[in-house]
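Everything on this sheet refers to the single structure shown next.
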Amino acid sequence: MKTDLNRREAIRRVALLMGGAVSAPAILGVLAGCSAEPGGDAAGAAAEWKPIFLTAAQAALVAEVAEIMIPRTDTPGARDVGVAAFIDKMLKDAYPKEDQERFFAGLADFEAQAQREHGRAFLELEPAQRAALVKQAHDPAIEVERASTLPIAKRNRPFILTMKELTLLGYFTSEPGATQVLQYRPVPGAFHACVPLAQAGKGRTWATQTSYRF
């Protein structure tokens, strides 16, 4: 079982990637142990998981946006580690109604944008078109986020940044995210002051002892 200290370390890393802040519902959900059971391969996970809060259509859209944000390469993607299931449970168990409604409204607007620009549903678009829509929504939003001096609770983050925050939290607190993408060492080893980068994790960020979802 993860300790609060290890969960806080995962939150700290995600805050750095989000420009310095993680929302209160996300923090409370992770510290409370909100978790999702990751599937095996991507196809198996998609076939076996059933949403408990999102509709099937919403879950499919969330899963695809998360996969665009963290695609499968030589390491697992967001779909492989069950990020959509994590988001589903976080929204249900950790987010107040107002934030849930804001997320769903943003998700609907994001889908509507695909219809406006391409005349088709987001999931019917070509991969490059889907990725372009995510980037189009994300890039200006993250610039505003980084420049904001308001407390996180007053920022009314757009859907795409809440989606990014939850995707990162779900991914980097999963066992595959901690052990295959981040560098992982159960017990810190000896200190070596100066070593070649190739011997120091090839540039990957280091994970702490139990940065697992469980």
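The values are calculated or read from the model by the stated rules, or taken from the named source; none is laboratory data. Small disclaimer: the values here were computed from a predicted structure and weren't measured. Don't worry about glycine lacking a Cβ; one is built from the backbone with ideal geometry, like all the others, and counts go over all protein chains shown.
Any chance you could count how many residues in segment 118-137 are in contact with a helix residue (DSSP H, G or I) (Cβ under 7 Å, 6 or more places away or on another chain), free of Cβ contacts under 8 Å to residues at least 60 places away in the same chain and assigned to a helix (DSSP H, G or I)? Number of matching residues: 4. The C-beta contact set for segment 75-99 (first residue at positive phi and surrounded by 24 or more Cβ atoms within 10 Å (Cβ to Cβ), second residue among the charged types (D, E, K, R) and at pLDDT below 90, distance under 9 angstrom, 6+ apart or interchain) comprises 82/37; 82/213. Of everything listed in (1) modelled with pLDDT of 95 or more; (2) under 21 Å from residue 161 (Cβ atoms), the single unmet condition for residue 81 is (1). Only one of the numbered conditions (1) modelled with pLDDT under 75; (2) farther than 21 Å from residue 66 by Cβ is violated by residue 144, and that is (1). Filtered by the rule that a residue be basic (Lys, Arg), at pLDDT 95 or above and surrounded by 15 or more Cβ atoms within 10 Å (Cβ to Cβ), segment 100-131 gives a lone residue, 130.
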